[in-house]
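I have placed the structure first, in the form of structure tokens, so that the comments after it can refer back to it.
The values are calculated or read from the model by the stated rules, or taken from the named source; none is laboratory data. The structure presented is a predicted model; accordingly, all values stated were derived computationally and were not measured. Note: accessible area is taken over every heavy atom of the protein model, side chains too, but ligands, DNA and RNA are not part of it. Shrake-Rupley method; radii C 1.70, N 1.55, O 1.52, S 1.80 Å.
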Amino acid sequence: VSPSSDYASISSGDQSLQRSRRSGDGNRAVVRESRHWHDVFWSAIFVIHLICLGFVLAVLGLNRFRISDRLNIDRYTHGFLENHKGLTEDYWPLYAVAGGIGVFISWIWSLLLGSYANEMMKVSVHILTTYLAVVSVLCFWCRQFFWGGAFAIGALLQFLYVISVIDRLPFTMLVLRKALKLVWGLPKVIMVAHAFTVAMLLWMSLWSFGAAGVVASSMGDEGRWWLLLVLSVSLFWTGAVLCNTVHVIVSGMVFHVLFQCGQEESTSLPPSTLIESLRYAVTTSFGSICYGSLFTAAIRTLRWEIRGFRSKICGNECLLCCVDFLFHLVETLVRFFNKYAYVQIAVYGKGFNRSARDAWELFQSTGVEALVAYDCSGAVLLMGTIFGGLITGSCIGIWAWIKYSDRVIMVASTAMLMGMVLVGLGMVVVESAVTSIYICFAEDPLLIQRWDADFFTEMSEMLHRRLQHRSARAREVLTTA
């Protein structure tokens with residue numbers, strides 16, 4: 001039996017889950033639900049958070065701008081341990097350079113991915129472990145033992161993860177190459193990412209102004225660290241919202257292109273497609289994006305780590321039992337928070353939780369979940385994002401060490417976060433194409449076949465092998481039980 005016929009037999013009983021149909025003239029048409037506002041509460045929370053935080057950032061930055069304690073805030077920090085006083089403009093240029101480096105790395109990384117996809121993805125996978133180890137050694141050398149230990153643990157976890165998924169990398173590289181091919185055929189997609197990068201830079205100019213004011217303040221290290229932690233969580237959420245907004249816009253455009261394959265000779269999009277995707281992303285679907293951005297990244301990262309660790313445990317039954325418990329807990333959470341929900345949001349305008357459940361049920365009913373679990377393209381792109389952030393943090397850390405040696409870790413860590421957010425905005429375009437490919441393959445594999453027949457064959461063969469592997473493992477468990 002051929003892999004494609006195997007796939008057809010798996011999904012034949014679940015055609016009611018299909019969201020596409022063939023009209024009377026033989027053309028494909030997407031069945032869209034009417035667009036309603038979803039998760040409005042979370043969009044309101046996000047907007048209120050931006051307004052309030054913007055005011056706080058402006059106050060924190062102005063208090064130390066040109067005049068020490070301009071707004072007389074130090075009287076409220078009298079109980080903290082005192083340190084030497086500084087000015088906002090002492091540290092703001094460092095953050096400005098961090099933003100420039102982050103944008104430069106994001107654009108260069110995107111260009112190199114388009115030209116040298118295999119090489120750049122191998123760099124993402126293998127060089128991150130080495131770089132984390134080197135940064136760990138430098139932190140220990142500077143007697144920053146906490147950060148040295150943190151980076152050492154990060155290097156070890158990264159090494160273990162790469163070893164656990166080394167056999168999956170060829171298929172992952174194939175999927176990423178095809179996603180890059182799809183993305184680079186759509187110049188408007190790249191323009192969207194650049195436009196949102198500029199928007200993120202504008203917000204970061206205010207964010208870094210306030211962060212520089214915190215670093216320059218006279219309060220003790222503990223107070224500054226707590227303030228920077230709050231600001232960093234806010235920046236992470238804001239960056240995730242912008243990344244996932246791009247995700248929704250790009251997914252809608254890519255899905256449209258794949259549906260057009262076979263109808264038109266070119267994959268050119270009508271001008272209204274981009275405007276329509278953008279309008280939905282920033283209006284009716286914005287609350288769902290804000291809601292999903294709070295949890296999705298953390299849960300899927302935890303899932304990658306547990307999957308990699310679980311695959312290497314075989315002898316210790318007690319440890320395996322504990323890891324299995326965590327694995328099933330995270331798998332349950334993934335049903336409600338997964339990146340494939342954004343494709344459903346883009347195409348059908350659903351709420352986040354419903355989109356996540358529908359995407360996961362679609363994968364499980366068709367068997368494509370076995371293929372999604374085997375693929376680690378998201379992890380590879382995350383490695384590139386972390387590597388870009390580490391380079392940004394390292395460059396700013398060296399400059400800060402030369403000028404302000406007692407503020408190195410504060411400035412470098414926040415600069416690293418800025419770099420990760422900016423590089424992540426460039427990476428999300430490729431990730432959106434990957435998720436759209438999987439959703440299309442699950443809903444109607446013929447869409448992928450018309451777009452790229454060879455790629456369809458390889459995906460079908462891999463799906464066939466993964467389903468056989470799962471069946472063999474299930475029989476083994478039943479036999480041993």
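With every protein chain left in place, what is the accessible area per residue of the stretch 357-474 in square angstrom, probe 1.4 Å? Can you show the working numbers first?
Numbers: 3490 Å² over 118 residues.
Normalised by residue count, the accessible surface of the stretch 357-474 is 30 Å².
Quick check: at a probe of 1.4 Å, how many percent of the accessible area of the stretch 88-146 sits on carbon and sulfur atoms? Whole-percent figure for carbon plus sulfur exposure: 73.
With all protein chains kept in place, the per residue accessible area of the stretch 112-193 amounts to 52 square angstrom at a probe of 1.4 angstrom. Reported to the nearest whole Å, the Cα centre-to-centre distance from the stretch 412-481 to the stretch 38-65 is 36.
Step through the residues of the stretch 449-456 one at a time and calculate ³J(HN,Hα) from phi using the Karplus curve (6.51 cos²θ - 1.76 cosθ + 1.60, θ = phi - 60°), rounding each to whole Hz and writing x for Gly and Pro. My calculation for the stretch 449-456 gives 5, 5, 6, 8, 5, 5, 5, 4 Hz in order.
Extension gain for E461 to E119 (0.36 nm times residue separation, less C-alpha to C-alpha distance): 120.6 nm.
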